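The values are calculated or read from the model by the stated rules, or taken from the named source; none is laboratory data. Predicted, not measured: the structure shown is a model, and the values here were computed from it. Backbone-built Cβ (ideal geometry, glycine too); neighbour counts: all protein chains shown.
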Amino acid sequence: MNIGLFIPCYIDQLYPQVGIATLQVLERLGLSVTYPTNQTCCGQPMANSGFEHLTQGTSHNFVTNFSEFDYIVCPSGSCTLHIKDHLQDDGYPDKALDIRKKTFELTEFLTDVIGVKKLHAHFPHKVGLHQSCHGLRGLGLAQMSELMAPPFSKPESLLTMVTGLELIELERKDECCGFGGTFCVFEEAVSVKMGQDRIADHSNHGAEYITGVDMSCLMHLEGILRRQKSKVKVIHIAEILNSVTG
Amino acid sequence: MNPQNKTHSELAKKFNRDVERVNWHDKTLWFVREKRDKSAHQLAEWEQLREAASQIKNNVLSNLHNYLIEFEKNALNHGIHVHWASTAQEHNEIVHSIIKNHGVNNMVKSKSMLTEECGLNEYLHQQGINVVDTDLGERIVQLANEPPSHIVLPCIHWKKEEIGELFHQHLGTPKGNADPQFLTAAARKHLREHFLTSRVALTGVNFSVAETGEIIVCTNEGNADLGVQLADVHIACMGIEKIIPKRKHLSVFLRLLARSATGQPITTYSSHFQKPREGQEMHIVLVDNGRSERLASDDFRNALKCIRCGACFNTCPVYRRSGGHSYHTAVAGPIGSILAPGFDMAKNADLPFASTLCGSCTNVCPVKIDIHDQLYKWRQVLVKNGHTTASKKTGMNVMSLVLSLPMVYRFSGTVGRWIIRTLPFIVNNKFNPWYKQREMPKASTQSFRSWYLNQRKHGQ
């Protein structure tokens, strides 16, 4: 199984530790992982802003970098969803469609493809899980509070394999944090208020860490937490799954 | 409605100046969303009901012409006058001509968002006709000279103390009395006079049945019934998409509507009007106002399935924290944001962007409208039609160029991180909307890529 590691641009530039943790989690499972070094961005920032027609360059670059792999794994629900829903390459339409099918978000890959049952991770902290919307409602990583169906959660089932970790309950288990790509600057007031409210839910329930499958949501929450001089920290789920002792 | 021509973002910013009010607004509507969840959870077949409703509506949209003709035929057989209005203006003129024919200048109205969409009150006011909205929430915003901020809970943005003051000014209730029961009784007394003296009553339509030619109006206060039963003339105004094929289909919608809207199993009254009572005159105005055009669009026709339950408002984290008036349109919230650009792209170009695309609206929708996908699609249409700013366009072009060329991307990333680290004042200032209430991310010295290459070089 030949896995291509898709590291979103902002993780590559601002949160390299998340990319490192993702790679190490996968390699520890004995998987062969390659990071194609000419990758940039999936094109989502343009597309969500109404400029999907400007994503030809990024899409083509994505196809060039990733078409040869059996699976493509990414530590971001949002970027994965963009590829799955919108990747198009006029030069190589079939390759683009093929990539859509074989791209997976990290926790769904670990759960559905690898079938991970056990992890050797230890993280002795109270953790709140932020359900990023695109992972939740777009990729179906967990049961959504609006729908009437039995509960399940791929990120949560992995977190319960981490020893010492205490998952806190939230009042609103899957409300949006307000990041929303360029929404966070064009609708600054509402975006920040949504973030503050999400943080309050986590901190009121004693979270030491807020984790999630999307670093972009966590980046927004981190910005607010640091401004508030809060002790609560954000951590990507890959970093928790990679907290190996001994 | 939006005299200053302000955008959603500007109006939402204003709304957010009063944090306590935002918190209260958010919690009040979230409470309604939770009531919806609880009542939906009580029906094991909830998701099947949604699917059935969605499919019935799909059938309606594909056969709209035939159902409308069938409906008209049956309504005419029952002695109802049927009018067709292709625009809001035509609708207003038809209603006005009916009122004029009866030589009156007063009308009571209940339960119609369509007349809000058409601006009927304003039009009739200019013609010297006084319209009294009889539903309590509608009456409150009418007295305050405001549009509704929510399609089901029109004055949800008003606190009871403020309503007490409004009633004190308009209805002469004692100053400082904000007891809801007292205020409701005062409104009831005030409205009674209008009910008793109005010869014309206008209602909206929740559903109309092609098979029987009847209309159904769902209310909690019973004002539609009171108005219609006391008046000589009943005018019912409906968008052409409100039709359903058979009476048996109504059960699906009645079970979904109130549960989605407020968490009630059913509205207090589901009133069927099939023919005028003896001596009464009944009119139905079928309104297109852009609906046929919408029907022709593969991407956006689905929005015509809407039954106006307001569930998408209550669940929307942006609506709850920006208030209905920030949408500057008759129907606010997520559904309003996909309907409004269809009426006027230039005026409503901001609305599809007033969303994080979180998708909760789509999940609560009882007729499965793909609301958040349509928001995404409207964004593409708006930009293609030039409804964007020059700065955004330039920014996106630069971003696209940088991200399409791996070497330029890497160079820009390195420079960007160096700036954040060494010259933070370039980004940490008031011109950066991110920085206003958030710290910038800490910039690491190396990218993931450089770490990776380094690792691989050392054979790790």
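Among the residues of segment B:44-67, is there at least one that is under 22 Å from B:Pro154 (Cα atoms), part of a helix (DSSP H, G or I) and either facing chain A (nearest Cβ under 10 Å) or touching a strand residue (DSSP E or B) at 6+ places or on another chain (Cβ under 9 Å) (or both)?
Scanning segment B:44-67 turns up no residue that is under 22 Å from B:Pro154 (Cα atoms), part of a helix (DSSP H, G or I) and either facing chain A (nearest Cβ under 10 Å) or touching a strand residue (DSSP E or B) at 6+ places or on another chain (Cβ under 9 Å) (or both).
Is it true that some residue in segment A:128-149 is small (Gly, Ala, Ser), within 14 Å of the chain's Cα centre (by Cα) and over 23 Å from A:Cys9 (Cα atoms)?
Scanning segment A:128-149, I find at least one residue that is small (Gly, Ala, Ser), within 14 Å of the chain's Cα centre (by Cα) and over 23 Å from A:Cys9 (Cα atoms), so the answer is yes.
Tell me, yes or no, whether segment B:403-412 has at least one residue that is touching a Gly at 6+ places or on another chain (Cβ under 6 Å) and at the interface with chain A (Cβ under 8 Å from one of its Cβ atoms).
yes
Please go through segment B:15-35 and pick out each residue that is within 9 Å of chain A (Cβ to nearest Cβ) and touching a residue at least 12 places away in the same chain (Cβ under 8 Å).
B:Phe15, B:Asn16, B:Val22, B:Asp26, B:Trp30, B:Arg33
Quick one: in segment A:212-246, which of the residues that are in contact with a His (Cβ under 7 Å, 6 or more places away or on another chain) and away from chain B (no Cβ under 13 Å) is nearest to A:Ser157 (Cα to Cα)?
Checked segment A:212-246; the qualifying residue nearest to A:Ser157 (Cα to Cα) is A:Gly212.
Yes/no per residue for (1) crowded, with 20+ Cβ neighbours inside 10 Å; (2) of a type in the set (A, V, I, L, M, F, W, C); (3) in contact with a Ser or Thr (Cβ under 7 Å, 6 or more places away or on another chain):
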{"site": "B:Asp179", "(1), (2), (3)": "no, no, no"}
{"site": "B:Thr184", "(1), (2), (3)": "no, no, no"}
{"site": "B:Lys189", "(1), (2), (3)": "no, no, no"}
{"site": "B:Glu193", "(1), (2), (3)": "no, no, no"}
{"site": "B:Thr203", "(1), (2), (3)": "yes, no, yes"}
{"site": "B:Ala210", "(1), (2), (3)": "yes, yes, no"}
{"site": "B:Gly213", "(1), (2), (3)": "yes, no, no"}
{"site": "B:Ile216", "(1), (2), (3)": "yes, yes, yes"}
{"site": "B:Thr219", "(1), (2), (3)": "yes, no, yes"}
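Any residue in segment A:42-56 that is not assigned by TED's automatic domain parsing to the domain that holds A:His86 sitting within a Cβ distance under 7 Å of a residue that is among the charged types (D, E, K, R) and assigned to a loop (DSSP other than H, G, I, E, B)? List the pairs, counting only those 6 or more apart or interchain.
That search, which allows pairs on different chains as well, returns nothing.
Among B:Lys13, B:Lys27, B:Lys38, B:Lys6, which is in contact with a Gly (Cβ under 7 Å, 6 or more places away or on another chain) and surrounded by fewer than 19 Cβ atoms within 10 Å (Cβ to Cβ)?
Criteria check complete, one pass: B:Lys38.
Just the residues that are touching a helix residue (DSSP H, G or I) at 6+ places or on another chain (Cβ under 9 Å), more than 7 Å from chain B (Cβ to nearest Cβ) and among the small types (Gly, Ala, Ser), please, taken from segment A:184-202.
A:Ser191, A:Gly195
Being within 7 Å of chain B (Cβ to nearest Cβ), closer than 30 Å to B:Thr7 by Cβ, touching a helix residue (DSSP H, G or I) at 6+ places or on another chain (Cβ under 9 Å) and in contact (Cβ under 8 Å) with a residue 60 or more places away in the chain is true for just one of A:Gly138, A:Gly181. Which residue is that?
That would be A:Gly138, the only listed residue that is within 7 Å of chain B (Cβ to nearest Cβ), closer than 30 Å to B:Thr7 by Cβ, touching a helix residue (DSSP H, G or I) at 6+ places or on another chain (Cβ under 9 Å) and in contact (Cβ under 8 Å) with a residue 60 or more places away in the chain.
Looking at segment A:145-198 only, could you name the residues that are part of a loop (DSSP other than H, G, I, E, B) and of a type in the set (S, T, N, Q)?
Once the filter is applied, which keeps residues that are part of a loop (DSSP other than H, G, I, E, B) and of a type in the set (S, T, N, Q), segment A:145-198 yields A:Ser145, A:Thr160, A:Thr182.
Which residue is nearest to the chain's Cα centre (by Cα), if the candidates are limited to segment B:307-316 and must be within 10 Å of chain A (Cβ to nearest Cβ) and in contact (Cβ under 8 Å) with a residue 60 or more places away in the chain?
B:Ala311
For segment B:40-54, which residues satisfy the criterion of being under 22 Å from the mean Cα position of the chain (by Cα) and among the polar types (S, T, N, Q)?
B:Ser54
Can you name the strands (runs of 3 or more DSSP E) wholly within segment B:225-318 that have at least 3 residues being of a type in the set (Val, Ile, Thr)?
Counting at least 3 such residues, we get B:281-287.
What number of residues within segment A:218-236 are outside any helix (DSSP H, G or I) and surrounded by fewer than 23 Cβ atoms within 10 Å (Cβ to Cβ)?
Looking only at that region, the number is 7.
Are there any pairs with C-beta distances below 6 angstrom linking a residue in segment A:207-236 that is closer than 23 Å to A:His82 by Cβ to a residue that is outside any helix (DSSP H, G or I) and among the aromatic types (Phe, Trp, Tyr), with the two at least 6 apart or on different chains, and if so which?
A:Met215/A:Tyr15; A:Ser216/A:Phe179; A:Cys217/A:Phe179; A:His220/A:Phe179
Is it the case that some residue within segment B:193-212 is among the charged types (D, E, K, R) and either at pLDDT below 95 or closer than 24 Å to B:Asn145 by Cβ (or both)?
Yes, some residue in segment B:193-212 is among the charged types (D, E, K, R) and either at pLDDT below 95 or closer than 24 Å to B:Asn145 by Cβ (or both).
Of all residues being in contact with a helix residue (DSSP H, G or I) (Cβ under 6 Å, 6 or more places away or on another chain) and part of a helix (DSSP H, G or I) in segment B:344-361, which is farthest from the other protein chains (Cβ to nearest Cβ)? Just the residue, please.
Out of the qualifying residues, it is B:Leu351.
Taking A:Glu105 as meeting all but one of (1) more than 10 Å from chain B (Cβ to nearest Cβ); (2) surrounded by fewer than 22 Cβ atoms within 10 Å (Cβ to Cβ); (3) within 14 Å of the chain's Cα centre (by Cα); (4) touching a residue at least 60 places away in the same chain (Cβ under 8 Å), write down the number of the exception.
Of everything listed in (1) more than 10 Å from chain B (Cβ to nearest Cβ); (2) surrounded by fewer than 22 Cβ atoms within 10 Å (Cβ to Cβ); (3) within 14 Å of the chain's Cα centre (by Cα); (4) touching a residue at least 60 places away in the same chain (Cβ under 8 Å), A:Glu105 misses just condition (2).
Scan segment A:71-85 and tell me whether some residue there is in the same structural domain as A:Gly212 (by TED's automatic domain parsing) and farther than 22 Å from A:Leu221 by Cβ.
Checked against the condition, which is being in the same structural domain as A:Gly212 (by TED's automatic domain parsing) and farther than 22 Å from A:Leu221 by Cβ, segment A:71-85 yields no hits at all.
Residues checked against (1) assigned to a loop (DSSP other than H, G, I, E, B); (2) surrounded by fewer than 24 Cβ atoms within 10 Å (Cβ to Cβ):
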| site | (1), (2) |
| --- | --- |
| B:Ile338 | no, no |
| B:Gly342 | no, yes |
| B:Asn363 | no, yes |
| B:Pro366 | yes, no |
| B:Leu375 | no, no |
| B:Leu382 | no, yes |
| B:His387 | yes, yes |
| B:Gly395 | no, yes |
| B:Met407 | no, yes |
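Can you spot a residue in segment B:70-93 that is out of contact with any Asp or Glu (no Cβ under 6 Å at 6 or more places or on another chain), farther than 30 Å from B:Gln437 by Cβ and among the basic types (Lys, Arg)?
Among the residues of segment B:70-93, at least one is out of contact with any Asp or Glu (no Cβ under 6 Å at 6 or more places or on another chain), farther than 30 Å from B:Gln437 by Cβ and among the basic types (Lys, Arg), which makes the answer yes.
Pick from B:Thr388, B:Thr394: which is more than 8 Å from chain A (Cβ to nearest Cβ) and farther than 30 Å from A:Ser145 by Cβ?
B:Thr394
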